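The values are calculated or read from the model by the stated rules, or taken from the named source; none is laboratory data. Remember, it's a predicted structure, so these values are computed and weren't measured experimentally. Protein only, heavy atoms only, side chains kept; ligands, DNA and RNA dropped before computing areas. Shrake-Rupley method; radii C 1.70, N 1.55, O 1.52, S 1.80 Å.
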Amino acid sequence: MHSTHLLLEEPIRMASILEPSKASFFPAMTKIVGTLGPKSRSIEVISGCLKAGMSVARFDFSWHDPAYHQETLENLKAAVKLTKKLCAVMLDTVGAEMQVVNKSEKAISLEADAIVVLTPDEGQEASSELLPINFDGLSKAVKKGDTIFIGQYLFTGSETTSVWLEVSEVKGDDVVCVIKNSATLAGSLFTLHGSQIHIGLPTLTDKDKEVISTWGVQNKIDFLSLSYTRHAEDVRQAREFLSKLGDLYQTQIFAKIENIEGLNHFDEILQEADGIILSRGNLGIDLPPEKVGF
């Protein structure tokens with residue numbers, strides 16, 4: 001529950017303002033959000049996070065399935081009981097995120113100046129020459145000379161684990177690209193981000209709606225992190241969807257700004273959302289690095 005006002009001591013005098021507040025009188029208003037992933041999902045580690053001050057646990061549905069996240073949530077509940085530290089739950093949607101699918105999970109080596117084709121045929125096996133993606137509209141959204149980034153977000157910024165591509169030509173539904181730096185992609189899933197390219201995917205996808213209406217309802221999530229928010233209407237539509245899901249009408253929406261389109265509509269998004277998340281990793285692809293630290 002969130003208080004709508006602060007209780008103040010009476011009478012208010014300068015001396016009382018300058019003195020430290022009573023610890024039991026003013027609750028901490030700052031919250032620390034921690035993402036629970038593969039390295040931070042055990043009861044022991046989560047307990048440590050709670051003791052260190054984590055007050056909101058973020059569950060990122062770009063990775064793994066609801067069953068996996070449910071196991072993590074059960075560990076969170078156990079850690080809460082163990083530490084007697086309360087913790088809210090945030091569901092982070094996938095949103096309009098393009099992804100490269102590597103079903104074999106074999107490492108993919110890409111060499112600078114070589115050619116690689118991005119194809120919407122997810123049945124193809126990922127290789128150094130061909131990368132299947134989860135979006136069939138990329139060929140209509142890009143043109144020759146556009147820049148595309150592929151990697152597991154910008155975790156390290158290392159150019160050996162992420163790759164920059166330049167669109168060379170479009171062939172039907174496929175996009176032919178020149179590799180700009182040598183890199184090795186390791187894992188089953190990689191984010192694909194087009195620099196300053198409009199992607200015609202809904203902000204709240206059918207997959208997101210299914211996860212929210214099942215996992216989200218079951219666990220009565222406190223916050224929804226709305227990935228790739230681009231307009232105020234995205235927030236309004238998400239709020240309308242939540243209003244039809246029982247207790248989730250109370251769930252607060254944090255709009256996640258991840259590209260220049262969302263940044264251009266920042267003020268109107270702020271008016272509709274309960275909070276804003278600035279994804280500096282993805283913003284760093286659309287903007288010069290020195291502009292991201294604003």
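Values for this structure:
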{"read-out": "Contact order relative to length of the chain, as percent, for alpha carbon pairs under 8 angstrom and 6 or more apart", "value": "15"}
{"read-out": "Cα-based reach from LYS171 at 20 Å (exclusive), listing aspartates and glutamates while leaving out same-chain residues under 8 positions away", "value": "ASP113, ASP121, GLU122, GLU125, GLU129, ASP136, ASP146"}
{"read-out": "The range 98-195, accessible area per residue, ligands and nucleic acids excluded (1.4 Å, Å²)", "value": "47"}
{"read-out": "Cross-link partners of LYS291 among lysines (Cα-Cα below 22 Å; sequence separation of 8 or more within a chain)", "value": "LYS256"}
{"read-out": "Degrees separating the helix 43-52 axis from the principal Cα axis of the chain, which is the longest one", "value": "60"}
{"read-out": "Antiparallel DSSP beta bridges within the chain, as percent of all bridges there, nearest 5", "value": "55"}
{"read-out": "Heavy atoms of SER139 accessible to a 1.4 Å probe, total area in Å² rounded to 10", "value": "10"}
{"read-out": "Alpha-carbon spread of the chain, three principal axes, descending order, Å", "value": "73, 39, 38"}
{"read-out": "Heavy-atom accessible area order for GLU122, GLU71, largest first, 1.4 Å probe", "value": "GLU71, GLU122"}
{"read-out": "Helix 66-83 axis, angle to the chain major axis (alpha carbon atoms, nearest 10°)", "value": "30"}
{"read-out": "Length-normalised contact order of the range 98-195 in % [C-alpha pairs under 8 Å, at least 6 apart]", "value": "39"}
{"read-out": "Exceeding the 32 Å Cα-Cα cut-off - candidates LYS140/LYS207; LYS85/LYS106; LYS31/LYS140", "value": "LYS85/LYS106; LYS31/LYS140"}
{"read-out": "Accessible surface of the chain, 1.4 Å probe, proportion on carbon and sulfur as whole %", "value": "53"}
{"read-out": "Solvent-accessible surface (1.4 angstrom probe) belonging to TRP63, in square angstrom, nearest 10", "value": "60"}
{"read-out": "Angstrom value of the Kirkwood radius, inverse mean 1/r, which spans all Cα pairs in the range 63-153", "value": "16.5"}
{"read-out": "Alpha-carbon spread of the range 98-195, three principal axes, descending order, Å", "value": "31, 27, 21"}
{"read-out": "Accessible surface, 1.4 Å probe, highest first, among residues LEU50, LEU270", "value": "LEU270, LEU50"}
{"read-out": "Principal-axis tilt of helix 232-243 within the chain, Cα atoms, nearest 10 degrees", "value": "60"}
